[in-house]
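Here's the structure, in structure tokens; my notes come after.
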Number of protein chains: 2
Amino acid sequence: MSHTARLQRLDAAIQASTLDAIVLNAGPSLPYMTGLHVHLSERPVVACFTPGMSPTLVLPALEAQKVSHLPYGMDVYTYSESLASWDTAFEAALGHLPENAVIGVEDGVLRFLELRYLQSAAPSARFVSGEEVMATLRMRKDDVERALMQEAVRMAEVALRQTLPHVKPGVTEREISSRLIANMLSEGSGGELPFQPIIAFGANSANPHAVPTDYAAREGDLILFDWGANNEGYFSDMTRTFVLGEATDDVRHMYSVVEKANEAGRAAGRPGATAGSLDTATRHVIEEAGFGPRFVHRTGHGLGLDVHEPPYIRDGNDAVLEIGMTYTIEPGIYLPELGGVRIEDDMIITDSGSESLTTLTRELTMLPL
Amino acid sequence: MSHTARLQRLDAAIQASTLDAIVLNAGPSLPYMTGLHVHLSERPVVACFTPGMSPTLVLPALEAQKVSHLPYGMDVYTYSESLASWDTAFEAALGHLPENAVIGVEDGVLRFLELRYLQSAAPSARFVSGEEVMATLRMRKDDVERALMQEAVRMAEVALRQTLPHVKPGVTEREISSRLIANMLSEGSGGELPFQPIIAFGANSANPHAVPTDYAAREGDLILFDWGANNEGYFSDMTRTFVLGEATDDVRHMYSVVEKANEAGRAAGRPGATAGSLDTATRHVIEEAGFGPRFVHRTGHGLGLDVHEPPYIRDGNDAVLEIGMTYTIEPGIYLPELGGVRIEDDMIITDSGSESLTTLTRELTMLPL
């Protein structure tokens, strides 16, 4: 979809809402809407979208050349390194808003920095969450976006295959993490990864948000990879858990429960299903096997230009899945002494159900010593 | 300095200010103060620091094990995946604040997400910028921090030396960027780099914030690297500009002006000097040579746990430099057709002046074809 078409959809979405305008700052929604890539820095950048008008943009003069090639009209107000010029630019960009305007912003992106300038430029305005409006626009991926995400999955999968032969007793989590990242980059991933890969061996894998350490792998360890690549801003986010050497019966059992939970969660995805029903599906399998309290997180989250975005696959979320929505299914079981097993796939809702973008096997794989 | 000592300094700084408390969310100041590493995500994490009391912390239950080993008291309020429990945790963590409390937050770190929960939990409170208080605490680096930054410089320098032999006619900016990042990671850099390296060849180097493209280097191109590593959260941030093959007289002249400006900026750093005087020093050299309008940005910025932090080395900044402050000196000249030259060093104020943590040569280096 062209940026002009996206801007038209945004206008319509604002008009259908209780908002008068949407303000976006540097984050994934801004390039999605405008094609303009700016970094979050101590210099604020905001775009104000008001139905029926050209968007207005506040930008450091330093970045002005970035807007020279945009294929649609935009009123650009630049500021210099002098702080006084910042207020002037914000006032000019928001001057068209009515008194008491209701302005939607992105809760997880807008900072106190931008908010202060916005409030000062539009003192009568009320700032509220515009996340739902933005989510509505971004959740359903078109074919171009799907292809970009499939490629992000491919980059990550190739990098994993190149890295696995190096997992041997004595190698550290940090060493494997560096190698995995380097392999993703040489496969074409952008340097801004969706997150620092979680490479967790042995008992460390019991922490769902582990950070790579100097712990060295030992025979029998669980070997957990949770990683993803960045393809032009679109992310992949997958998890596979291996065993270094022979798996014990306890590990085999735990693994097979997670494998079945993952399968149930994937199978439940179809247009019309609620996000919460996918969580119910995975959780049911794990609870039946008696591991309920050890599945300490939600089943998944939306995925795209943000690594965590709607729809959130969590208990009680009655958001209805639609064709083109992309999300993870990532049930896990975490046992403090033994470690954790998690299997995470990147899914997309199709007209007849859902498909996994992830192509890696989910069968228990024992890495040779 | 221990976290206990840092917390005592924070208490004293709040008492010396007009603030009643400081609230930090996930960002560099939180681990600096508490030793607690949490990622910015859609789940808010905040710590509230009120003089004379233990800090209070709001944390997802999922992350609760991270606080089990802290060497000081902290009142922890966790919330579950159910949204109702989020409000409860925020209310509990802020319940001790007086009516009409003035709460300092970090402008560039606090998001609308956290602010909404904070405002709802403390409706009479006024939220203001606490950046100056935090900057006072973090700007002066102790010997341990200096050593961490020196190591971040070393990682980046080794990676550059390993990468330079691959810069040949036909290689793309993207290829060199991937190789440079991989080399930093294998030198031990954390995966979360201070920024995506700017690798800009030829005319692309005229954009100070260029993003690596598929442009392939040609003989005679300017070759600009602006890159840095992450050593346990402490960043390096350096720039070197080379020529692929023989430099023309125009390039030699432009380079020598930037080299002299860099030297003047470095020489001006000493305890008691204002940050603005360093900008004056570099700018004077470039203006004298007639390139004034082509030096389109400030001279530098503070560096540490943030890649851009106070003191900002910009015109008119009368912040006074003190022993242990770390910052960049990075004058540049940008000519649209020809490209840009920038030379950036990481500096620290010492008792007698300042020193460069960067050890790479600043002399014009022509890369063999």
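Of (1) within 14 Å of another protein chain (Cβ to nearest Cβ); (2) farther than 28 Å from B:D306 by Cβ, B:E106 satisfies all except one. Which? Only one criterion is unmet by B:E106, namely (2).
Tallying residues that are within 13 Å of another protein chain (Cβ to nearest Cβ), over 15 Å from the mean Cα position of the chain (by Cα) and at pLDDT 95 or above within region B:199-245 yields 4. If you go through region B:22-62 and keep only what is touching a residue at least 24 places away in the same chain (Cβ under 8 Å), farther than 14 Å from B:R111 by Cα and in contact with a Gly (Cβ under 7 Å, 6 or more places away or on another chain), you end up with B:I22, B:P28, B:P31.
Out of B:T359, B:T326, report the one residue that is away from chain A (no Cβ under 14 Å) and surrounded by fewer than 20 Cβ atoms within 10 Å (Cβ to Cβ).
Working: B:T326 fails: surrounded by fewer than 20 Cβ atoms within 10 Å (Cβ to Cβ).
Answer to the selection: B:T359.
Would you check which residues across region A:9-18 are surrounded by 13 or more Cβ atoms within 10 Å (Cβ to Cβ) and either without any contact (Cβ under 8 Å) to a residue 12 or more places away in the chain or of a type outside the set (S, T, Y) (or both) and list them? Lay out the reasoning, then the answer.
Within region A:9-18, the first condition is being surrounded by 13 or more Cβ atoms within 10 Å (Cβ to Cβ), and the residues that meet it are A:9-11, A:13-14, A:17.
Answer for region A:9-18, where residues must be surrounded by 13 or more Cβ atoms within 10 Å (Cβ to Cβ) and either without any contact (Cβ under 8 Å) to a residue 12 or more places away in the chain or of a type outside the set (S, T, Y) (or both): A:R9, A:L10, A:D11, A:A13, A:I14.
Scanning region B:157-189 for residues that are under 18 Å from the mean Cα position of the chain (by Cα) and either away from chain A (no Cβ under 14 Å) or over 23 Å from A:E173 (Cβ atoms) (or both) yields one hit, B:E157.
From the list A:A210, A:A216, A:A200, A:A206, the one residue that fits, being within 21 Å of A:V158 (Cα to Cα) and either crowded, with 20+ Cβ neighbours inside 10 Å or of a type outside the set (D, E, K, R) (or both), is A:A200. Pairs linking a residue in region A:63-90 that is at pLDDT below 90 to a residue that is acidic (D, E), with Cβ atoms under 7 Å and 6 or more positions apart or on different chains, are A:E81/B:D315. Residue count for region A:38-62 satisfying the condition of being modelled with pLDDT under 90 and among the β-branched types (V, I, T): 1.
Quick test for you: out of A:A101, A:A92, A:A125, pick the one residue that is touching a helix residue (DSSP H, G or I) at 6+ places or on another chain (Cβ under 8 Å), more than 18 Å from A:A26 (Cα to Cα) and either more than 14 Å from chain B (Cβ to nearest Cβ) or not acidic (D, E) (or both). So that I can check it myself, show each step before the final result.
Values: A:A101 fails: touching a helix residue (DSSP H, G or I) at 6+ places or on another chain (Cβ under 8 Å); A:A92 fails: touching a helix residue (DSSP H, G or I) at 6+ places or on another chain (Cβ under 8 Å).
Of the residues listed, the single one that is touching a helix residue (DSSP H, G or I) at 6+ places or on another chain (Cβ under 8 Å), more than 18 Å from A:A26 (Cα to Cα) and either more than 14 Å from chain B (Cβ to nearest Cβ) or not acidic (D, E) (or both) is A:A125.
Could you go through region B:47-70 and let me know if any residue there is among the β-branched types (V, I, T), closer than 22 Å to B:E232 by Cβ and surrounded by 14 or more Cβ atoms within 10 Å (Cβ to Cβ).
Of region B:47-70, the ones among the β-branched types (V, I, T) are B:50, B:56, B:58, B:67.
Still in the list and also closer than 22 Å to B:E232 by Cβ: B:67.
Now narrow it down to the ones that are surrounded by 14 or more Cβ atoms within 10 Å (Cβ to Cβ): B:67.
Looking for residues that are among the β-branched types (V, I, T), closer than 22 Å to B:E232 by Cβ and surrounded by 14 or more Cβ atoms within 10 Å (Cβ to Cβ), one finds at least one in region B:47-70, hence yes.
Listed here are the residues, each with its yes/no results for (1) in contact with a Cys (Cβ under 9 Å, 6 or more places away or on another chain); (2) among the hydrophobic types (A, V, I, L, M, F, W, C); (3) closer than 23 Å to A:G104 by Cα; (4) outside the structural domain of B:L36 (by TED's automatic domain parsing).
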| site | (1), (2), (3), (4) |
| --- | --- |
| B:S68 | no, no, no, no |
| B:E81 | no, no, no, no |
| B:W86 | no, yes, yes, no |
| B:N100 | no, no, no, no |
| B:D107 | no, no, yes, no |
| B:P123 | no, no, yes, no |
| B:L148 | no, yes, no, yes |
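Cβ-Cβ contacts under 9 Å between residues 6 or more apart (or on different chains), taken from a first residue in region B:343-369 that is within 16 Å of B:E145 (Cα to Cα) and in the same structural domain as B:G228 (by TED's automatic domain parsing) to a second residue that is surrounded by fewer than 17 Cβ atoms within 10 Å (Cβ to Cβ) and among the acidic types (D, E), are listed as B:M347/B:E355; B:I348/B:E355; B:I349/B:E322; B:I349/B:E355. Which of the residues spanning region A:224-252 are farther than 19 Å from A:R161 by Cβ, surrounded by fewer than 22 Cβ atoms within 10 Å (Cβ to Cβ) and in contact (Cβ under 8 Å) with a residue 12 or more places away in the chain? Listed by number, the residues that qualify are A:E232, A:G233, A:G245, A:E246, A:A247, A:T248, A:D250, A:V251, A:R252.
Would you kindly identify the helices (runs of 4 or more DSSP H) lying entirely within region A:98-192 that contain at least 2 residues that are buried (at least 19 other Cβ atoms within 10 Å of the Cβ) and touching a residue at least 60 places away in the same chain (Cβ under 8 Å)?
Numbers: elements: A:112-121, A:131-138, A:143-163, A:173-186.
The qualifying helices (runs of 4 or more DSSP H) are A:112-121, A:131-138, A:143-163.
The values are calculated or read from the model by the stated rules, or taken from the named source; none is laboratory data. What you see is a predicted model; the values in this text were computed from it and never measured. With ideal geometry, Cβ positions are generated from the backbone for all residues, glycine too; neighbour counts draw on all protein chains shown.
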